[in-house]
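The values are calculated or read from the model by the stated rules, or taken from the named source; none is laboratory data. From a predicted model like this one, the values you see are computed outputs, not experimental measurements. Cβ coordinates were reconstructed from backbone atoms using ideal geometry, including for glycine residues, and neighbour counts include every protein chain displayed.
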Amino acid sequence: MDFKQKLTGLIDQLVAQGGSDLHCGEGVVPTIRVSGTLTQLVSEPALTREDMLGFLTEMLVPERKEAFLKTQEADFSYAYGDKARFRGNAYFERGHIGIALRLIPRVIRTMQELNLPPALEGFATRKQGFFLVVGPVGQGKTTTLAALIEKINLERTEHIVTIEDPIEYLFENKRSLIEQREVRVDTADFSQALRSVFRQDVNVLMIGEMRTPETIATAVSAAETGHLVFSTLHTNNAAQTIDRIIDSFPPEQQGQIRIQLSASLAGIFSQRLVPRISGGLIPAYELLIATTAVQNLIREKRTHEIQTLIETGAEEGMIDMNRSLAELVRSGEISPESAYSRALNPKVLERLL
C-alpha cells in the first residue's frame, strides 16, 4: 500500500477544510479539528496498525522511528512539501499507535492579521527583558510568538536564536540573522542550548517552552544580562504564571528567583481562541505590563493583587481578559455563551456585559 499517498490524502482534506489538527489512530476513523470542533472524516475507513506504521515511516527517519517503538513517545516536525508543515506527537494508547498532527501555516501572519492588540508590538522593540505568552494548549501561543519574532526580523538587525522541540514556524533571514535549534537534533536539551547562548553573541532568544527550573533560571538570567527573551507556559493568567515560575524552585531558591523575576520581567500575555460567530477563531486576551507597581508586588509576595492592577491599568497599556471578552461580544464577534465559557471570573464578565 502507498502510505505516503494515503497520508497525503488526509492532509489534503485537513487543509481544504481549514482545519488545525489531524488525529490518526488504530481502529479509528481519521478525525480533524476545524474552528475548535472535532469532525470525523466519515468517507475514510478506520486506520490499521499497518497504516500507522506506514505513516511513521513517512514522517520519521529510521532512527527516530526505532526510538519511538522503544520509548512509546515521540515529538517531531513534518514538512508536507511546500503546502504545509506540522508539529507531530506519536504515542501509544491501550497498546495502539496514535498520531496527532498540528498544522503550522507556512506564512507567518502579522499581529494585525491575528487580531492581536497594538500594545503587544512594543515588546518587539525592547532591547532586553523577559516576555511570556501563556494559556492552555492549542490557544495560539506559538503563533503569537512567531509574529513577534518576525516583526523583529523585519525591523531590526539582531541575532535571533530559537530553541524548540520541535521547530515549528520556519523563519527566513530578513534584517536579522535567525538560527533555529531543535532539541535532540541540534542540541541535547533546552538547558544545554541555553547555556551555549551566552557564548553566541545573541540579542533575542525564543524558547519554545520552559519545562524545568534550570531552563527558567537560565532564561531569567539571560534577560537580566541584556537579552530579549520570549517563551511560553501552560498557565491561565499572569498571576498564576508568576506563582508557577517561583513555585517550580525549591523553597531555599524562591527568594532569589523572585527578585530576579521582578527585575527582568517585561510582560505576560495570556490568550484564548474563541469561536467567531462568522466562522473561524478570534483571540481574547490579557496583558500584564511589568510596571514598578507590578515589580513591587512580585518582590513582596503579593502576586494575588496583580489582577487588580491589570483591571485598573488600562492607561498604562494593560488589558483585562474580561474586558477583552466583553468587547468581542459587544462588537458581534463572539456569542455571550462563548465569552462566559472562557471567563475566569464569569460574575465580573456579567457586570461588564
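Among the residues of the range 266-276, is there at least one that is touching a residue at least 24 places away in the same chain (Cβ under 8 Å), surrounded by fewer than 21 Cβ atoms within 10 Å (Cβ to Cβ) and among the small types (Gly, Ala, Ser)?
yes
Is one or more of the residues making up the range 118-134 in contact (Cβ under 8 Å) with a residue 12 or more places away in the chain and within 22 Å of Gln17 (Cα to Cα)?
no
Quick check on Ile282: is it under 27 Å from Met111 (Cα atoms), modelled with pLDDT of 95 or more and under 20 Å from the mean Cα position of the chain (by Cα)?
yes
Is it true that some residue in the range 213-226 is over 15 Å from Ser264 (Cα atoms) and surrounded by fewer than 20 Cβ atoms within 10 Å (Cβ to Cβ)?
Yes, that holds for at least one residue.
Taking the condition over 18 Å from Phe86 (Cβ atoms), modelled with pLDDT of 95 or more and assigned to a helix (DSSP H, G or I), does Lys151 pass?
It is true that Lys151 is over 18 Å from Phe86 (Cβ atoms), modelled with pLDDT of 95 or more and assigned to a helix (DSSP H, G or I).
Output the qualifying pairs, or none if there are none: Cβ atoms under 8 angstrom, residues six or more apart or on different chains, first residue in the range 212-233 and in the same structural domain as Glu150 (by TED's automatic domain parsing) and more than 22 Å from His159 (Cβ to Cβ), second residue crowded, with 21+ Cβ neighbours inside 10 Å and among the aliphatic types (A, V, I, L, M).
Listed pairs, sorted by first residue: Ile216/Met210; Ile216/Ile245; Leu233/Leu132; Leu233/Val134; Leu233/Met210; Leu233/Ile245.
Select from the range 149-190 the residues that are more than 21 Å from Arg64 (Cβ to Cβ), surrounded by 18 or more Cβ atoms within 10 Å (Cβ to Cβ) and polar (S, T, N, Q) and write down the one among them that is nearest to the chain's Cα centre (by Cα).
Going through the qualifying residues, I end up with Asn153.
Residue-by-condition table, conditions (1) within 24 Å of Gln260 (Cα to Cα); (2) out of contact with any Ser or Thr (no Cβ under 8 Å at 6 or more places or on another chain):
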| residue | (1), (2) |
| --- | --- |
| Leu116 | no, no |
| Ala119 | no, yes |
| Lys127 | yes, yes |
| Val133 | yes, no |
| Gln139 | no, yes |
| Thr142 | no, no |
| Asn153 | no, no |
| Thr157 | no, no |
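Cβ-Cβ below 8 Å, separation at least six or inter-chain, first residue in the range 235-254 and in the same structural domain as Glu209 (by TED's automatic domain parsing), second basic (Lys, Arg): which pairs?
Close Cβ pairs (under 8 Å, with a partner that is basic (Lys, Arg)) amount to Thr235/Arg244; Ile246/Arg258.
Please specify each residue of the range 179-211 satisfying the condition of being among the β-branched types (Val, Ile, Thr), outside any helix (DSSP H, G or I) and either within 15 Å of Val229 (Cβ to Cβ) or not assigned by TED's automatic domain parsing to the domain that holds Phe123 (or both).
Val202, Val204, Ile207
Tell me, which residue of the range 46-57 that is of a type outside the set (Val, Ile, Thr) and either modelled with pLDDT under 95 or within 28 Å of Val107 (Cα to Cα) (or both) is surrounded by the fewest Cβ atoms within 10 Å (Cβ to Cβ)?
Out of the qualifying residues, it is Leu56.
Out of all the residues in the range 54-83, which are aromatic (Phe, Trp, Tyr) and touching a residue at least 24 places away in the same chain (Cβ under 8 Å)?
Within the range 54-83, Phe55, Phe76, Tyr80 meet the criteria.
Quick one: in the range 58-83, which of the residues that are among the aliphatic types (A, V, I, L, M) and under 26 Å from Pro105 (Cα atoms) is surrounded by the fewest Cβ atoms within 10 Å (Cβ to Cβ)?
Checking each candidate, the answer is Val61.
Sort through Ala239, Ala222, Ala263 and tell me the only one that's at pLDDT 95 or above and touching a helix residue (DSSP H, G or I) at 6+ places or on another chain (Cβ under 9 Å).
Ala263
Just name the residue that is modelled with the lowest pLDDT out of those in the range 325-344 that are surrounded by 14 or more Cβ atoms within 10 Å (Cβ to Cβ) and in a loop (DSSP other than H, G, I, E, B).
So, considering only residues that are surrounded by 14 or more Cβ atoms within 10 Å (Cβ to Cβ) and in a loop (DSSP other than H, G, I, E, B), the one modelled with the lowest pLDDT is Leu344.
In this structure, is Thr57 among the hydroxyl-bearing types (Ser, Thr, Tyr), over 30 Å from Asn153 (Cβ atoms) and not in a strand (DSSP E or B)?
The answer is yes for Thr57.
Could you list, in sequence order, all residues of the range 30-53 that are free of Cβ contacts under 8 Å to residues at least 60 places away in the same chain and touching a Ser or Thr at 6+ places or on another chain (Cβ under 9 Å)?
Within the range 30-53, Thr31, Ile32, Arg33, Val34, Leu38, Thr39, Gln40, Leu41 meet the criteria.
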